[in-house]
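To keep things clear, I will list the structure first and then write my remarks on it.
Just so it is clear, none of the values below were taken in a lab; they were calculated from the coordinates. Owing to the predicted nature of the structure, the values given are computational and were not obtained by experimental measurement. No Cβ is skipped: glycine too gets one built from the backbone with ideal geometry, and neighbour counts run over all protein chains shown.
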């Protein structure tokens, strides 16, 4: 495990490189794109586990924090989707440089899946794409957060303030951030590159719309139903850490066999 | 402000971030410890916010992961995990002292991090201050009076009591639960009250400063700002204790107003003692 800072020196990004457990040259490199806000904290441990599992099957793995998240520069209320897309581009280059591997696979979870899909649709050297609990638009993410506030009730941690910033589970999304997220739609992506795609979800109601979305765009799309967490916004008193090993194993198995 | 990767140890290094101010205005380094299994970013990114605020005021800080947590791999040891966290905190202090020439340290931690800071401060004289959020707390007579006083006038509380008394199971707490006090509400094992009092006596005898912040998440054991001094009556605090009670904040502090307040309290306190 090798933590490092990369990207522009004025706003560096934090990443962790995991080397494969093989002594021979490995030609497989996988970039892990986190979700945002409290979901990042919930899944951090699982991402470390996922990177470790990928190493065991001979892959280089690299996970990183977007601008405004984790140890990277910036504040959370400053996040913008355009910046996150640029961060994924930057992380792909960093992974290529560290691993000396040209072709990269990308795994993204929730909002991270949307950003990963955008980059995979643009870059020719992305061969495989894993969309874990994907969202077809950022509006879905915003709606889920708003619904949670309505259902659980406004509190000192979960509320929308006078500036229309949304605060949920310790993270602030400014009005501008929410606009950039809501306006981010998979329908708008032009798939210049056509990677193999695996989508995983624990929500049965999402299987049909995800399949429908990809049937006209990507010929090699596989959909998997893996039971797991369906409500990402309800936390317990210690932050709701989440270790979905069934999904981690399903992803590694697909990466290994494809 | 500049942030750099910190690696401590050779075979299985501990990983963290060192946040260096533009101009150092303090001789202390603040070590930001893990809270339970949360990695070094901290609940609601509060450890990052704190480190950057401290740097604005010229204070060096390190946030790092204990082995097996976050971005540090597990180490093979024969000691308990509680002892490992103490030894690893001392290991990080050794590294910062040799690399940056820092001789005094402030340890900050929430929950289990508060317990580690408490243990290390008793052992290591380089620790000149500990900032604890939700440290070891104990109920006292006042807690029972305040907790049950209002319930005595509440019909539903009486109905619940009788239901439990006649053996019908019902969600909620029973008086028996309050008499058996080996685990706190977060499932942590807590030492006997007199041991913790003795620990604070050792800490204050070394003139080590103590900042305590208690959140409303500890209501099952703490419900009044004077309770902290009252449960440790034999500690000669003098001016070594600063105490804040955020009765409406949750344990992991997801509320933006309390996040700011906590960061401000710690930053001002470090400036004052540093």
Residue that is in a helix (DSSP H, G or I), in contact (Cβ under 8 Å) with a residue 40 or more places away in the chain and under 19 Å from the mean Cα position of the chain (by Cα), where the choices are B:86, B:122:
B:122
For region B:69-80, give me each residue that is under 21 Å from residue B:7 (Cβ atoms) and surrounded by fewer than 16 Cβ atoms within 10 Å (Cβ to Cβ).
B:74, B:76, B:77
Subset of region B:23-57 [within 14 Å of chain A (Cβ to nearest Cβ) and farther than 29 Å from residue A:46 by Cα]:
B:53, B:55, B:56
Being outside any loop (DSSP other than H, G, I, E, B) and within 12 Å of chain B (Cβ to nearest Cβ): is that true of residue A:211 here?
no
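Among the residues of region A:155-176, is any surrounded by 17 or more Cβ atoms within 10 Å (Cβ to Cβ), away from chain B (no Cβ under 14 Å) and closer than 22 Å to residue A:76 by Cα?
No, because not a single residue in region A:155-176 is surrounded by 17 or more Cβ atoms within 10 Å (Cβ to Cβ), away from chain B (no Cβ under 14 Å) and closer than 22 Å to residue A:76 by Cα.
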Give the number of residues within region A:18-49 that are more than 11 Å from chain B (Cβ to nearest Cβ), closer than 15 Å to residue A:105 by Cβ and over 13 Å from the mean Cα position of the chain (by Cα).
5
Qualifying position, being closer than 17 Å to residue A:32 by Cβ and in contact (Cβ under 8 Å) with a residue 24 or more places away in the chain, among A:123, A:166, A:136:
A:123
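The rows are residues; the columns are (1) without any contact (Cβ under 8 Å) to a residue 24 or more places away in the chain; (2) within 29 Å of residue B:57 (Cβ to Cβ).
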site: B:196; (1), (2): no, no
site: B:217; (1), (2): no, yes
site: B:251; (1), (2): no, yes
site: B:260; (1), (2): yes, yes
site: B:268; (1), (2): yes, yes
Top-ranked residue in region B:243-258 [being facing chain A (nearest Cβ under 7 Å) and outside any loop (DSSP other than H, G, I, E, B); ranked as surrounded by the fewest Cβ atoms within 10 Å (Cβ to Cβ)]:
B:257
Please verify whether region B:62-73 includes one or more residues that are assigned to a helix (DSSP H, G or I), within 14 Å of another protein chain (Cβ to nearest Cβ) and in contact with a helix residue (DSSP H, G or I) (Cβ under 7 Å, 6 or more places away or on another chain).
no
Answer residue from region A:225-252, given it is touching a strand residue (DSSP E or B) at 6+ places or on another chain (Cβ under 8 Å), crowded, with 17+ Cβ neighbours inside 10 Å and not in a loop (DSSP other than H, G, I, E, B) and is nearest to the other protein chains (Cβ to nearest Cβ) among those
A:247
